[in-house]
1. Name the single residue, out of those in segment C:38-67 being in a helix (DSSP H, G or I) and more than 7 Å from every other protein chain (Cβ to nearest Cβ), that is surrounded by the most Cβ atoms within 10 Å (Cβ to Cβ).
2. Condition first: in a helix (DSSP H, G or I), within 30 Å of residue A:117 (Cβ to Cβ) and out of contact with any helix residue (DSSP H, G or I) (no Cβ under 6 Å at 6 or more places or on another chain). Can you find one or more residues in segment A:463-475 that meet it?
3. Checking residue C:22 against (1) in contact with a helix residue (DSSP H, G or I) (Cβ under 8 Å, 6 or more places away or on another chain); (2) at pLDDT 90 or above, which single condition isn't satisfied?
4. Could you pull out the residue among C:17, C:90, C:84 that is at pLDDT below 90 and facing another protein chain (nearest Cβ under 10 Å)?
5. Here is a check on your reading of the model: is residue B:33 modelled with pLDDT of 90 or more, assigned to a helix (DSSP H, G or I) and more than 30 Å from residue C:21 (Cα to Cα)?
6. For the structure I just gave you, tell me whether residue A:244 is within 14 Å of chain C (Cβ to nearest Cβ), free of Cβ contacts under 8 Å to residues at least 40 places away in the same chain and in a helix (DSSP H, G or I).
7. Does residue A:371 fit the bill of being touching a residue at least 12 places away in the same chain (Cβ under 8 Å) and either over 27 Å from residue A:559 (Cβ atoms) or not in a loop (DSSP other than H, G, I, E, B) (or both)?
8. Given the condition assigned to a helix (DSSP H, G or I) and closer than 26 Å to residue A:425 by Cα, answer yes or no: does some residue in segment A:258-269 qualify?
């Protein structure tokens with residue numbers, strides 16, 4: 001169609017014609033280009049994902065085979081592993097750091113640090129973020145935080161032992177936990193990470209508000225951008241609370257303050273309230289971007305507009321809004337005021353509604369669509385089904401009486417992993433495959449991607465579904481050896497089964513890693529719009545050049561015009577394509593002299 | 001350079017008298033210290049009055065020095081949104097402790 | 001020049017865009033940052049309120065441990081610096097890039113941006129210095145983040161008059177006082193450093209103009225926020 005061909009906005013061209021040529025350091029290391037920063041986040045976060053996975057393998061060895069020496073255990077120092085057996089002190093460090101690395105240094109930066117940075121300017125039609133240098137600092141701060149956290153493994157007494165949630169008094173008392181420098185490093189790392197997060201979120205919010213291309217009205221933005229916008233607002237308001245709490249915990253550890261010390265009049269529960277007041281918005285930070293990107297991918301894979309675009313937007317806003325008043329559901333067993341507990345129960349049950357709206361809308365999008373089962377679509381559909389299961393287990397736990405026996409059991413662990421792995425990580429597999437061509441100019445192997453998806457899906461469910469069962473059977477969370485309890489012994493075969501499945505699941509991820517790395521060099525060269533998608537980013541060559549467009553494109557329609565009659569013989573109609581019936585949008589006036 | 005046709009970021013307004021605001025702030029501060037130490041009121045009344053004075057001063061700074069009085073609602077909202085969140089956290093935890 | 005036309009033309013990114021917020025990006029970014037800073041102080045100040053409400057004993061009486069008159073003067077200093085900041089902002093709006101200029105018929109000369117921003121910086125630096133001196137004195141008397149140091153003057157006073165000195169919850173008192181005022185002081189210090197940097201690199205070489213004084217407005221917002229937090233802190237820490 002000639003109109004499609006005409007409307008191709010010009011790319012910025014081989015040139016950084018406006019800028020002097022940059023050194024390697026400025027171009028790839030200390031870059032202020034949002035795409036490079038996104039890719040930097042990607043490599044660093046994938047590394048931490050691997051670290052988190054290795055920690056998980058050790059946990060699963062211990063839980064599945066408490067009596068047997070761990071292969072490779074001899075490599076670790078005597079303080080961690082003795083005679084090949086993981087020591088209890090080391091085991092609690094494993095669970096604490098697995099959670100910490102996965103939440104703060106893998107999933108959050110993968111969803112936000114990578115995709116907010118990479119996608120936002122491309123999808124709204126901006127040259128770069130509003131504050132490119134602050135963006136660069138945000139990456140380096142996150143990396144510094146990750147290094148500080150990793151360093152805690154190498155200090156005397158090792159890393160934290162009090163769970164990624166660091167409940168006091170254990171976390172505030174080195175005499176109780178045995179951890180000294182490690183706790184300090186955790187707190188400092190979190191404060192630095194908070195800075196990185198706030199700087200990043202600032203950027204995303206300002207860029208989305210002020211730097212949208214002409215015609216890119218709020219309700220023409222893709223859902224991935226909406227989700228990242230709302231996530232950034234959550235981040236900017238929630239992370240500082242954690243920073244404050246971490247500082248107070250740090251001071252209790254090193255300055256002798258008494259914030260959480262009941263003996264001096266402090267309140268141990270204060271920590272839990274502060275942590276979860278941050279923690280609950282945090283889990284929505286960990287899922288909303290995934291939901292947004294999945295919406296884009298499912299619409300693409302169904303060749304249909306997203307079902308109920310406006311309700312999807314309001315659902316995101318509703319989830320974010322309600323997310324501030326549910327934090328107590330993490331504390332039903334803490335001994336808190338039961339009346340307050342009831343209010344948290346109601347609000348938590350309520351928050352299921354917007355989430356359910358989204359699930360039904362994804363299904364409505366796929367219904368009678370011209371489905372294309374490409375790898376991102378398969379992972380996205382996997383997301384929907386796994387997130388639904390995770391959400392359903394959430395309903396169980398939201399009801400306080402049901403939560404009372406389930407709290408701090410493997411049931412909770414199952415829920416966490418269904419939403420974080422079944423949810424966020426599957427969405428990330430989808431997103432990484434989908435935007436790989438935009439990042440690197442190559443396609444990942446479709447066949448390897450499908451094999452990886454199916455194997456992951458099967459082993460993932462084999463690993464985490466049985467955890468619901470052993471949790472209901474009473475196996476506690478973070479426990480070193482379930483077999484010390486007679487009532488748990490009958491479940492031990494299930495623990496073994498889970499461990500075997502987990503090892504297989506971990507092994508299968510090397511398929512993805514291989515696919516990812518191998519395709520960088522040997523992957524098929526990507527066409528400009530490999531998925532026949534409508535977003536602005538596909539108007540640029542792959543990989544997208546520095547500065548994105550020479551002149552930002554005009555936007556003529558929403559992002560999900562698939563199978564639109566106006567498109568003629570194509571089943572997609574990009575946002576930037578000007579049809580004869582379209583009028584140019586009127587931009588805000590550009591100041592003279594630019 | 002004259003303004004172009006788009007709406008200005010802030011409503012055209014007369015510049016506030018900053019010296020007057022400074023005077024108000026000075027008087028309010030003196031009032032606070034006097035109230036805290038000199039006046040023989042009950043503790044709770046003192047608390048309420050002091051908080052009232054503090055909030056008044058804070059509003060003067062926010063509305064006039066930070067020009068929030070003259071900015072559009074969208075900008076004011078950015079500053080306002082954290083406040084109910086803070087209130088929720090503090091109220092919920094105090095209620096919880098009282099139990 | 002009225003507020004309406006200030007930096008209007010600098011509001012847009014230098015390429016066509018949707019109208020957006022109608023406020024230039026650095027100002028929007030600073031407001032969002034201030035919202036995040038509100039949440040940070042919420043954690044610290046909120047915890048103080050929560051701990052004080054639930055404290056198992058009486059808190060120390062105002063003025064018993066802390067030097068209220070000195071701090072009242074310090075508060076006044078910070079308020080003065082805030083006024084100086086807004087005068088600096090008004091000065092550059094009017095194009096007054098200079099330091100001081102005589103006004104015909106008046107004895108007092110008219111201050112420009114260079115004068116008022118310098119006053120802001122000096123008052124801010126003075127505030128921090130007074131706080132540092134206050135801290136040194138307090139620690140010398142025995143008031144530490146952990147409470148009243150054993151064997152110190154304050155510990156003796158507290159033993160003699162437990163109610164006045166809030167001996168039962170001295171630990172909480174010290175913890176909350178030093179954390180809240182310490183982080184506030186840190187914010188003030190960052191502000192002073194930033195303003196000094198701007199002063200040297202942009203104000204002295206007269207890089208700001210009535211058409212573009214975004215840096216002044218943005219740092220001004222930060223500075224007023226810091227003053228605002230202190231107004232709250234002074235009341236609830238020193239006077240209650």
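1. C:45
2. no
3. Result: residue C:22 passes all but (2).
4. Of the residues listed, the single one that is at pLDDT below 90 and facing another protein chain (nearest Cβ under 10 Å) is C:17.
5. yes
6. In short, yes.
7. No, not satisfied.
8. no
The values are calculated or read from the model by the stated rules, or taken from the named source; none is laboratory data. No experiment lies behind these values; they were computed from the predicted model shown. Please note: Cβ atoms are built from the backbone with ideal geometry, for glycine as well, and neighbour counts cover all protein chains shown.
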